[in-house]
Amino acid sequence: MRSQQSTKQFTRALVAGGSGFVGSHLCEALIDAGTAVVCVDNFETGREENVESCLGNALFELVEHDITSALPDVGPVDVVFHLASAASPVDYFRLPIETLHAGSIGTENLLNLASAHGARFVLASTSEVYGDPQVHPQVENYYGNVNPIGPRSVYDEAKRYAEALTSAYRRTYGVNTAIARIFNTYGPRMRSDDGRMIPTFIGQALAERPLTVTGSGTQTRSICYVSDTVAGLVALAASSHGGPVNLGNPIEATVEEWARRVAGVVGSSAGVNYVDATPDDPRRRCPDITRARVELGWQPVVEVDTGLKRTVEWFVDRASPAVTRQQH
């Protein structure tokens, strides 16, 4: 297995969606490695406070812009990371057309930018391209089982189209592209109201409310701490691999088990509340990361309990009415 620490040094990176949850951690990691960063975000789901630690750093530039519009002249870059999209059901249900545009028009604009500068292009795709999978664990050569007209399709199909477009630019124009399929990621800077599993459970546990589990709770998920996901993105960027490459933690548990695990970290005794299942909710979700291990020398290093503790501590430190009165 190759070293997890890449020797590739980028001079200047553009991170689209850089003020979002994963994007802001990526910006920090790149700056820490000595790479100048242009963070582009329209703040529809991202927040400027997420990149507060970067503001004022000579290596960091923040550009407020929607990538579905013509991109401004940002100067030369040697790597482009595309993380600009609503990523939680709450957000892409609220922004269905915008989500589709981010995956289509936005991807094309960023691919053209990368092509113009001869830059490496890294698409942050998602495990949602596998839909409700019939192959388990999910491997990159599995084509998926996706409902193209269901309520989740605006996100699933936006990412599937983005992958197709990225692959076409690689084959047709020789653009140096890579595709990462990110599985459930968690950590500090997640919004307590974004509807995703871990922040929802933490917010409810801190408020001593029953943790909301959809359906029977037997559907499975695997969760990866954000610093590990970012390390995977950087390793993929530094490689010559075109992907797709799964980035996730292959430790699998049921949603009910994750709820009880979060409650245990928080110290909540409020229990679990079962509600109706959501449409097209995947029954099993777990990555096969053999390709990432072999080709990138990457695998998660943060233990789940350690990551959950760090995330809970961040929520406690940031405690606000939005956390303690969260409704689901």
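The values are calculated or read from the model by the stated rules, or taken from the named source; none is laboratory data. If you're wondering where the values come from, they're calculated on a predicted model, not measured in any experiment. Here Cβ is always computed from backbone atoms with ideal geometry, including for glycine, and neighbour counts include all displayed protein chains.
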(request) Could you list all residues from the range 148-192 that are polar (S, T, N, Q) and assigned to a loop (DSSP other than H, G, I, E, B)? (result) ASN176, ASN184, SER192
(message) Against the definition (among the charged types (D, E, K, R), out of contact with any Asp or Glu (no Cβ under 7 Å at 6 or more places or on another chain) and closer than 30 Å to PRO210 by Cα), how does ARG310 come out, yes or no?
(response) yes
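Out of all the residues in the range 8-31, which are hydrophobic (A, V, I, L, M, F, W, C) and touching a Cys at 6+ places or on another chain (Cβ under 9 Å)?
Within the range 8-31, ALA13, LEU14, VAL15, ALA16, CYS27, ILE31 meet the criteria.
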(message) Please verify whether VAL90 is crowded, with 16+ Cβ neighbours inside 10 Å, modelled with pLDDT under 95 and assigned to a helix (DSSP H, G or I), treating the condition exactly as stated.
(response) yes
(request) Within the range 217-242, track down each residue that is part of a loop (DSSP other than H, G, I, E, B) and in contact with a helix residue (DSSP H, G or I) (Cβ under 8 Å, 6 or more places away or on another chain). (result) GLY217, THR218, GLN219, ILE223, SER239, HIS241, GLY242
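Looking at the range 46-61 only, could you name the residues that are surrounded by 14 or more Cβ atoms within 10 Å (Cβ to Cβ) and either over 22 Å from the mean Cα position of the chain (by Cα) or not β-branched (Val, Ile, Thr) (or both)?
Once the filter is applied, which keeps residues that are surrounded by 14 or more Cβ atoms within 10 Å (Cβ to Cβ) and either over 22 Å from the mean Cα position of the chain (by Cα) or not β-branched (Val, Ile, Thr) (or both), the range 46-61 yields GLY46, ARG47, GLU48, ASN50, CYS54, ASN57, LEU59, PHE60, GLU61.
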(request) Among what's in the range 116-147 and is assigned to a helix (DSSP H, G or I) and out of contact with any helix residue (DSSP H, G or I) (no Cβ under 6 Å at 6 or more places or on another chain), pick the residue that is surrounded by the fewest Cβ atoms within 10 Å (Cβ to Cβ). (result) ALA116
(message) Being modelled with pLDDT of 95 or more and charged (D, E, K, R) is true for just one of ASP194, ASP228, ASP305. Which residue is that?
(response) ASP228
(message) For the condition among the aliphatic types (A, V, I, L, M) and touching a Gly at 6+ places or on another chain (Cβ under 7 Å), what is the one hit in ALA84, ALA119?
(response) ALA84
(request) Scan the range 32-57 and report the pairs whose first residue is in a loop (DSSP other than H, G, I, E, B) and whose second residue is of a type in the set (S, T, N, Q) and at pLDDT 95 or above, with Cβ atoms within less than 8 Å and a gap of 6+ or a chain change. (result) THR35/THR11; PHE43/SER19; GLY46/SER19; GLY46/SER24; ARG47/SER19; CYS54/SER24
(request) Pick out the one residue from VAL294, VAL265, VAL302, VAL275 that is touching a residue at least 40 places away in the same chain (Cβ under 8 Å), within 19 Å of VAL22 (Cα to Cα), surrounded by fewer than 23 Cβ atoms within 10 Å (Cβ to Cβ) and among the β-branched types (Val, Ile, Thr). (result) VAL302
(message) Is it the case, given these coordinates, that LEU95 is surrounded by fewer than 21 Cβ atoms within 10 Å (Cβ to Cβ), touching a residue at least 12 places away in the same chain (Cβ under 8 Å) and more than 26 Å from GLU28 (Cα to Cα)?
(response) yes
(request) Could you list, in sequence order, all residues of the range 54-65 that are modelled with pLDDT of 95 or more and either in contact with a helix residue (DSSP H, G or I) (Cβ under 9 Å, 6 or more places away or on another chain) or not β-branched (Val, Ile, Thr) (or both)? (result) CYS54, LEU55, ASN57, ALA58, LEU59, PHE60, GLU61, LEU62, GLU64, HIS65
(request) Identify, from the list ALA114, ALA164, ALA207, ALA168, the residue that is over 16 Å from the mean Cα position of the chain (by Cα) and within 27 Å of VAL265 (Cα to Cα). (result) ALA207
(request) Taking VAL74 as the residue in question, decide whether it is among the aliphatic types (A, V, I, L, M), touching a residue at least 40 places away in the same chain (Cβ under 8 Å), crowded, with 20+ Cβ neighbours inside 10 Å and not in a helix (DSSP H, G or I). (result) no
